[in-house]
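Okay, structure first, notes after.
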Amino acid sequence: MKIKLLFAALLTAGAVSAQTFTGDTWNSVKSSKTGTISLVYVETPSFVYKDKNGELTGICVDIMHDFVAWVNANKGVKLTSKFVGDGSNFKAMYDKTKASSGGVFGLGNVTITDERKREVKFSPPIITNFAILITQPSVPTLAKLEDISKTFANFTAYTAKGTLNEKRIADLKSKYYPGLKVTTTTTSQETLEKVFADPTGVAYLDLAFYIEAVQLKKPVKRHPVGDKAAEQFGIVMPLNSDWAPVLDEFFKANGGYANTKEYKTILIKHLGESGVKLLQSGTK
């Protein structure tokens, strides 16, 4: 019996180990003058996605490329980065980053919250996002949230497990629509596909998903009364990471990274000028 229990424990330990990543600590890089950081990611329109050549790009990716270049230019080291994980869903990216050690960074649409700050470290905000309430275009425009149970009668809400949008749907249900049916999905992209396929589907999705859907001429409609603004996205690190001060220094250098031409070029590159204008209009 003891042998069986020991074997089971070893299997469990191996499973947990397989779910985490490692990267060189800043102390190690500073000492040896070389090292590699690991970038865990969740594929997210505009933030982390594959280009036509199958290469990962996006706002988060470009920011980390700038960070690595800045470290090499200002700290006298040779730092490189590598992508790890499969980018399949938000919860896996977040949980694996949280459980990892050393120079590991989580990239995607990660909202900075007080609850998460107890689990992970965050970079300074990389962008101010807002979430959008969407349905198919044939659905009447929601005039006020108090009318949602009538305007969206017999609707199903779709939401990705482990995201802040899941909490938004739960809040909507609790406050305005106790009878709302809720179906959880694995990813935000799956949520979007569910709404495309369901004339009585509704969801909260981050701005980038809406922008991409509009650009691709998908059947999607925004209900502005449901907009949730003023949340900030950040890059995630394990609590044991010693990279946070270096990342903070990068964001504060040269008058603030968010004020640089490079940063503004990244936003236009991945959101488009119309997307940047929509972002600015929703966060005022």
> Before we move on, is K82 at pLDDT 95 or above and at positive phi?
Replying inline: no
> Counting just the residues of the stretch 236-284 that are of a type in the set (D, E, K, R) and within 30 Å of K75 (Cβ to Cβ), which one comes out surrounded by the most Cβ atoms within 10 Å (Cβ to Cβ)?
Replying inline: D242
>> So the check is Cβ under 6 Å with 6+ separation or different chains; which pairs have a first residue in the stretch 85-100 that's part of a loop (DSSP other than H, G, I, E, B) and a second one that's of a type in the set (S, T, N, Q)?
In response: N89/T186; N89/T187; S100/T20
>> within 15 Å of T44 (Cα to Cα), among the charged types (D, E, K, R) and surrounded by fewer than 19 Cβ atoms within 10 Å (Cβ to Cβ): is that true of E212 in this structure?
In response: no
> If S38 passes every condition in (1) surrounded by 19 or more Cβ atoms within 10 Å (Cβ to Cβ); (2) modelled with pLDDT under 95; (3) in contact with a Lys or Arg (Cβ under 8 Å, 6 or more places away or on another chain) but one, which one does it miss?
Replying inline: (2)
> Quick one: would you say V202 is among the β-branched types (V, I, T), under 21 Å from the mean Cα position of the chain (by Cα) and outside the structural domain of K50 (by TED's automatic domain parsing)?
Replying inline: yes
> So how many residues does the stretch 218-243 have that are closer than 15 Å to R168 by Cβ and of a type in the set (A, V, I, L, M)?
Replying inline: 3
> Just for strands (runs of 3 or more DSSP E) wholly inside the stretch 190-279: which have at least 1 residues that are polar (S, T, N, Q)?
Replying inline: 228-233
>> Being assigned to a helix (DSSP H, G or I) and without any contact (Cβ under 8 Å) to a residue 60 or more places away in the chain is the filter here; which residues of the stretch 56-73 pass it?
In response: V61, H65, V68, A69, N72, A73
> Of all the residues that make up the stretch 101-121, how many are touching a strand residue (DSSP E or B) at 6+ places or on another chain (Cβ under 6 Å) and either basic (K, R) or not in a loop (DSSP other than H, G, I, E, B) (or both)?
Replying inline: 9
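Listed here are the residues, each with its yes/no results for (1) surrounded by fewer than 19 Cβ atoms within 10 Å (Cβ to Cβ); (2) within 18 Å of the chain's Cα centre (by Cα); (3) without any contact (Cβ under 8 Å) to a residue 40 or more places away in the chain; (4) outside any helix (DSSP H, G or I).
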residue: S31; (1), (2), (3), (4): yes, no, yes, no
residue: F83; (1), (2), (3), (4): yes, yes, no, yes
residue: P124; (1), (2), (3), (4): yes, yes, no, yes
residue: P137; (1), (2), (3), (4): yes, no, no, yes
> Has the stretch 183-197 got any residue that is in contact with a Ser or Thr (Cβ under 8 Å, 6 or more places away or on another chain) and either without any contact (Cβ under 8 Å) to a residue 24 or more places away in the chain or in the same structural domain as W70 (by TED's automatic domain parsing) (or both)?
Replying inline: no
> Can you tell me how many residues in the stretch 155-183 are within 17 Å of the chain's Cα centre (by Cα) and in a strand (DSSP E or B)?
Replying inline: 2
> If you check every pair at least six apart or on different chains, which have Cβ atoms under 9 Å apart with a residue in the stretch 254-266 that is among the acidic types (D, E) first and a residue that is not in a loop (DSSP other than H, G, I, E, B) second?
Replying inline: E262/D62; E262/D66
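The values are calculated or read from the model by the stated rules, or taken from the named source; none is laboratory data. Just so it is clear, the structure is predicted and the values come from calculations on it, not from any experiment. We place every Cβ from the backbone using ideal geometry, glycine too, and count neighbours over all the protein chains shown.
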